[in-house]
Amino acid sequence: MTKSPWIVVKWVAITAALALLVWIGGKFAAAGSLWAVVGVSFIAMCVLAIYGTTRAVPMKYLFPGLFFLIALQIWPIVFTVMTSFTNYGDGHMGTKDESIKYLIAQTVKEVEGTPRYAMSVAVKAGGDVATGDITLLLTDPKDGATYAGTPNGLASLTDGVEKGPTGKITAATGYQILIAREVNARSKDLSDIVVPTEGGGIKTSGLSEAFVGKASLQYDAAADRLIDTATGKRYMPHNALWVPEDGQGQSLTSGWQENVGLRNYTDALTNETLRNGFVKILVWNLIFPLISVLSTFLLGMGFALLFNDDRIKGKGLWRSLLILPYALPGFVTALVWRQMFNQDQNFGLINKTFGMTIDWLGDPTWAKVAILITNLWLGFPYMFLICTGALQAVPTDVKEAAKIDGASGFRTIRSIIMPLVLVAVGPLLVASYAFNFNNFALIFLLTNGGPFEGNQTQVGSTDLLITYAFRLAIGGTTPNFGFAAAISMFIFVIVALISLQGFRRTASLEDVN
Amino acid sequence: MHKRVYGAVALAGVTALALSACGGSSTPSASTAASTAAKATTAAAPAPATTGAPVRDAAVDLVIWCDQDRKPIIDKYAAAFGAEMSIKVAVQVSTDVRKDFKDATNAGKGPDVIVGAHDWLGELVQNQAVKPINLSAADQAKFPAEAMAAAKFNGQVYGVPYAVENIGIVRNTALAPDAPKTFEEMVTKGQALVKEGKATNAVLLTVSKTGDAYHSYPFLKAFGGGIFAQKDNGDYDATKVIVGSAESIQGGEQLAKLGKDGILSTNVDGGIVDQVFDAGKAPYAMTGPWAIDKAKKAGIKYAISPLPTIGGKQMTPFLGVQMFYVSAKAKNDAFAQEFVTKYVTKKDLQIDMYNIGKRPPALTEAYTQVAASDPDIKAWFEAGKGALPMPNIPAMNSVWGPLGQATADIIAQKATAADRLKAAQTEIEANIKKAG
């Protein structure tokens with residue numbers, strides 16, 4: 001390596017990258033995620049080893065791509081696979097211990113007829129306000145009696161007690177009273193502290209009040225059961241939920257996250273609605289992207305050929321206009337089209353213009369047509385763009401040779417231009433197919449999968465697998481991300497197989513070169 | 001469409017996760033009912049490019065999340081609270097409080113207090129995100145019983161309400177001077193106006209192709225039907241779905257008749273209700289307070305009245321309650337409890353919140369003062385009398401889709417009311433069972 005000013009630039013860049021990684025690592029460390037810190041350190045070492053030395057020259061070029069491939073492609077897939085083996089979803093977010101603690105805390109009720117104390121929070125005089133053992137200084141609002149409450153119990157307090165206007169103790173011998181901010185800093189300790197009394201326990205509420213509360217749920221650790229003390233009902237853990245032991249009534253509100261092995265996959269395979277809808281949806285899911293790609297390609301290619309002709313004036317302007325639909329946000333376009341497809345001529349521009357009464361979004365067949373039309377509008381400018389690019393790359397001498405050989409215009413397009421264009425755009429057509437295969441936003445905004453036939457809301461006439469999976473796992477019911485992940489793995493396999501096949505086919509196109 | 005194929009392939013894997021971000025927010029709620037109504041009309045306006053959750057400000061002593069509209073008012077009281085306690089309070093805007101709060105709290109980065117609708121409650125408890133508030137009995141008595149009932153889950157109070165909302169009949173007084181007593185009267189009067197060419201729609205009601213359970217519920221409720229049966233203590237019972245009951249079917253038959261007569265149509269969605277009413281082309285709209293601002297701007301002379309009777313039975317809407325919640329994982333729990341129990345119960349705060357949202361304040365004292373000067377508020381409150389709170393149990397997530405679609409299908413004459421509502425009941429029960 002030659003010495004040059006660039007070496008300074010190089011080391012500045014390396015240092016900057018390392019500094020960024022240290023900063024990110026610090027954030028992860030603060031959040032307590034060990035594995036993320038290990039990962040970041042590994043990347044930092046890679047950066048140093050690859051760019052700081054001359055040992056791995058090819059890696060210098062490969063590393064950035066590799067890094068983003070892993071971070072943005074591989075990791076999400078791994079994460080999805082991992083999630084698919086859990087029951088992660090609404091009601092199953094935390095651990096079992098958290099659910100026990102939370103459920104019990106939710107049942108703490110103020111015991112009727114007990115006083116609501118005015119409260120000050122104190123530590124022993126000379127103690128540390130941030131860590132010292134907390135004593136609650138309480139004033140009974142009825143008789144003004146004052147107490148010191150600790151986890152050991154309630155004791156009368158009279159020594160040097162001074163009270164504020166609300167009855168709150170402002171000074172007491174032997175205690176240091178915490179100011180609001182100090183009290184708040186001890187929020188966690190305060191939510192744990194209970195001063196046992198006869199009827200239950202005194203708990204704090206806010207900064208200056210305490211009440212006698214009692215939980216109606218108890219945990220029996222030996223039997224691993226939650227017991228409702230009011231009704232005597234016992235709840236046992238089952239499928240990551242607390243279900244009634246006698247099988248009567250509802251399970252408790254909150255469960256926990258656990259590994260469920262292959263259950264999400266077996267559920268998906270044995271789910272009756274999923275099975276019934278699957279074939280119907282898969283067929284439409286295969287046809288929809290196919291027609292979309294073909295129609296957008298034909299229209300885009302047609303325009304590209306037209307505007308590639310030298311006889312057309314003002315090509316730049318025409319081309320800009322044609323790209324406009326592509327420049328508008330797709331979801332806005334979809335919503336505007338939805339309005340235009342309204343059956344009622346008072347609201348729907350399309351039926352009004354053509355004097356029709358077609359129920360575009362309410363009839364299963366017309367809804368499919370409506371989606372294809374909208375996607376044609378959304379997609380052709382892109383095809384126009386890439387075809388224009390590819391056309392301009394077709395050498396003029398080939399075209400001239402065709403002309404000299406006496407080929408007609410159509411013959412030239414079919415035999416000379418198309419094969420050359422397809423080499424360039426073939427892979428993009430496959431990619432476009434794969435994208436439309438999962439075109440969630442369009443379906444979601446235009447029809448939401450509907451119309452729904454046959455008195456149900458599970459399988460819609462325009463559903464793609466992805467919108468269907470969304471409704472099944474997340475949209476129409478209590479969100480279950482584990483199940484959604486399992487279904488998206490099925491979709492992943494289907495798309496991967498189709499894409500693989502597609503690329504094999506397009507590879508054969510390159511033989512013309 | 002220009003994603004590279006790797007992108008497309010990976011997309012399949014990650015889409016479910018990315019989409020999961022939209023989960024839950026697709027169900028209507030007291031607050032989203034308003035936004036769905038607004039959605040279609042603002043279709044042409046670009047949405048904000050980023051919808052990320054706000055990042056919790058670590059340097060402050062109390063963090064509150066709310067939506068953009070309410071921030072100025074909450075800022076004012078947060079500042080007062082901060083001054084009293086000599087602390088720093090941050091009020092941050094979230095574009096989707098419900099989802100952002102759930103996710104952020106789960107990751108330990110949530111706020112201490114959120115402002116939201118009461119029907120999020122069950123879902124938030126299910127995910128261990130909120131905790132009970134110890135509002136004294138005396139404080140609870142300052143609110144109407146219905147509002148307090150909405151703030152409760154399993155008998156515990158989880159929020160302090162600041163506003164209530166419900167639908168009623170908004171009429172264009174130029175076309176229909178008198179408050180309607182019966183739905184039949186509205187239909188007759190409306191049809192006459194349509195015949196004269198003065199209106200295009202007799203009665204406006206949000207239906208849409210996928211249906212709208214929130215707006216259809218009063219029809220079922222009129223005959224004693226509804227969604228869930230109530231337990232003795234007033235809580236909704238998720239194990240007793242009554243969507244397919246004989247009473248609900250009677251209501252469904254009314255929808256079928258109105259659909260057949262062309263009064264109600266699946267071509268009318270929330271956007272069109274506003275559009276037609278604000279153009280002065282319909283005498284009646286069955287809608288809520290969110291429609292008023294637009295009607296005023298359009299220069300429509302309007303009046304608000306309670307829902308009428310249908311088939312001789314009184315219709316009642318769902319009651320929605322807006323409230324302040326305290327996070328179960330609040331880092332500043334003591335301040336959060338103090339703010340919510342001591343400040344949200346202040347009359348001034350409730351009146352200021354009314355000035356933003358134009359909903360009746362929940363605090364009775366504040367309502368009385370506002371109602372004396374604002375007839376709209378009095379009318380909305382009257383229209384909400386006797387209304388039951390929208391269910392806040394998690395099982396409600398399983399209801400919106402199937403019931404909405406059922407009402408749409410009934411109105412579109414795709415099935416009879418009895419068949420369709422019974423089918424919806426089966427579907428809802430299966431969904432609830434699946435969720436545990």
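The values are calculated or read from the model by the stated rules, or taken from the named source; none is laboratory data. Not measured: the values here are computed from a predicted model. Positions of Cβ are backbone-derived with ideal geometry, glycine not excepted, and every protein chain shown enters the neighbour counts. Accessible surface areas use protein heavy atoms only, side chains included; no ligands, DNA or RNA. Shrake-Rupley method; radii C 1.70, N 1.55, O 1.52, S 1.80 Å.
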Restricting to region A:444-484, what's the tally of residues that are among the aliphatic types (A, V, I, L, M), in contact with a Gly (Cβ under 6 Å, 6 or more places away or on another chain) and at the interface with another protein chain (Cβ under 8 Å from one of its Cβ atoms)?
1
Residues located in region A:246-270, provided they are assigned to a loop (DSSP other than H, G, I, E, B), open to solvent by 40 Å² or more (accessible area, probe 1.4 Å) and either facing chain B (nearest Cβ under 9 Å) or touching a residue at least 24 places away in the same chain (Cβ under 8 Å) (or both)
A:Gly249, A:Gln250, A:Gln257, A:Glu258, A:Leu262
Which residues, counting only those in region A:75-119, are among the β-branched types (Val, Ile, Thr) and either at the interface with chain B (Cβ under 7 Å from one of its Cβ atoms) or surrounded by 14 or more Cβ atoms within 10 Å (Cβ to Cβ) (or both)?
A:Ile77, A:Thr80, A:Val81, A:Thr83, A:Thr86, A:Ile100, A:Ile104, A:Thr107, A:Val108, A:Val111, A:Thr114
Please go through region A:338-350 and pick out each residue that is assigned to a helix (DSSP H, G or I), at the interface with chain B (Cβ under 10 Å from one of its Cβ atoms) and open to solvent by less than 50 Å² (accessible area, probe 1.4 Å).
A:Gln339
Within region B:200-238, which residues are open to solvent by 10 Å² or more (accessible area, probe 1.4 Å) and within 23 Å of A:Leu335 (Cβ to Cβ)?
B:Thr200, B:Asn201, B:Thr206, B:Ser208, B:Lys209, B:Thr210, B:Gly211, B:Asp212
Would you say B:Asp409 is at the interface with another protein chain (Cβ under 10 Å from one of its Cβ atoms), within 24 Å of B:Ile263 (Cβ to Cβ), open to solvent by less than 50 Å² (accessible area, probe 1.4 Å) and acidic (Asp, Glu)?
yes
Of residues in region A:51-66 being open to solvent by less than 70 Å² (accessible area, probe 1.4 Å) and either facing another protein chain (nearest Cβ under 9 Å) or not small (Gly, Ala, Ser) (or both), the one nearest to the chain's Cα centre (by Cα):
A:Pro64
Condition test on A:Leu321, is it within 14 Å of chain B (Cβ to nearest Cβ), outside any loop (DSSP other than H, G, I, E, B), modelled with pLDDT of 85 or more and open to solvent by 50 Å² or more (accessible area, probe 1.4 Å)?
no
Quickly run through region B:382-395 and pick out the residues that are crowded, with 23+ Cβ neighbours inside 10 Å and either in a helix (DSSP H, G or I) or without any contact (Cβ under 8 Å) to a residue 12 or more places away in the chain (or both).
B:Ala383, B:Pro394, B:Ala395
Among the residues that make up region B:143-166, is at least one of them touching a strand residue (DSSP E or B) at 6+ places or on another chain (Cβ under 6 Å) and open to solvent by 30 Å² or more (accessible area, probe 1.4 Å)?
yes
Against the definition (at pLDDT 85 or above, under 27 Å from B:Ala129 (Cβ atoms), of a type in the set (S, T, N, Q) and surrounded by 12 or more Cβ atoms within 10 Å (Cβ to Cβ)), how does A:Gln176 come out, yes or no?
no
Show me the helices (runs of 4 or more DSSP H) found entirely inside region A:406-513 where at least 3 residues are within 19 Å of A:Ile287 (Cβ to Cβ).
A:418-437, A:440-446, A:465-470, A:481-509
Would you be able to tell me the number of residues in region B:162-220 that are under 24 Å from B:Lys358 (Cα atoms) and without any contact (Cβ under 8 Å) to a residue 60 or more places away in the chain?
2
Say we look at region A:393-405 and pick out the residues that are among the hydrophobic types (A, V, I, L, M, F, W, C) and in a helix (DSSP H, G or I); which of these is nearest to A:Leu321 (Cα to Cα)?
A:Val398
What number goes with the only condition from (1) more than 19 Å from A:Phe483 (Cα to Cα); (2) assigned to a helix (DSSP H, G or I) that A:Thr273 does not pass?
(1)
Can you pull out the residues in region A:194-209 that are assigned to a strand (DSSP E or B) and within 9 Å of chain B (Cβ to nearest Cβ)?
A:Lys203, A:Thr204, A:Ser205, A:Glu209
Is there any pair with a first residue in region B:302-316 that is open to solvent by 30 Å² or more (accessible area, probe 1.4 Å) and a second that is among the aromatic types (Phe, Trp, Tyr) whose Cβ atoms are under 6 Å apart and which are 6 or more apart or on different chains, and what are they?
B:Lys313/B:Phe223
Within the group A:Ala390, A:Ala367, which residue is within 30 Å of A:Pro451 (Cβ to Cβ), small (Gly, Ala, Ser) and part of a helix (DSSP H, G or I)?
A:Ala367
Taking A:Glu400, is it within 9 Å of chain B (Cβ to nearest Cβ) and among the acidic types (Asp, Glu)?
no
Elements of type strands (runs of 3 or more DSSP E) contained in region B:53-124, each with 2 or more residues being closer than 21 Å to A:Ser187 by Cβ and not β-branched (Val, Ile, Thr)
B:62-66, B:89-93
Tell me which strands (runs of 3 or more DSSP E) are completely within region A:81-189 and hold 3 or more residues being under 30 Å from B:Gly122 (Cα atoms), or say none if there are none.
A:108-110
Does B:Ala379 qualify as being of a type in the set (A, V, I, L, M), out of contact with any Leu (no Cβ under 8 Å at 6 or more places or on another chain), more than 9 Å from chain A (Cβ to nearest Cβ) and surrounded by fewer than 23 Cβ atoms within 10 Å (Cβ to Cβ)?
yes
All conditions in (1) in contact with a helix residue (DSSP H, G or I) (Cβ under 9 Å, 6 or more places away or on another chain); (2) closer than 30 Å to B:Gln156 by Cα; (3) not in a helix (DSSP H, G or I) are true of B:Val268 except (2)
Condition check for A:Thr131: within 48 Å of the chain's Cα centre (by Cα) and under 30 Å from A:Ile487 (Cβ atoms):
no
Which numbered condition in (1) under 16 Å from the mean Cα position of the chain (by Cα); (2) facing chain A (nearest Cβ under 10 Å) is the only one that B:Lys422 fails?
(1)
Name the residue that is farthest from the other protein chains (Cβ to nearest Cβ), counting only residues in region B:329-347 that are outside any helix (DSSP H, G or I), at pLDDT below 90 and under 27 Å from the mean Cα position of the chain (by Cα).
B:Lys329
Condition first: free of Cβ contacts under 8 Å to residues at least 60 places away in the same chain and among the charged types (D, E, K, R). Can you find one or more residues in region A:468-491 that meet it?
yes
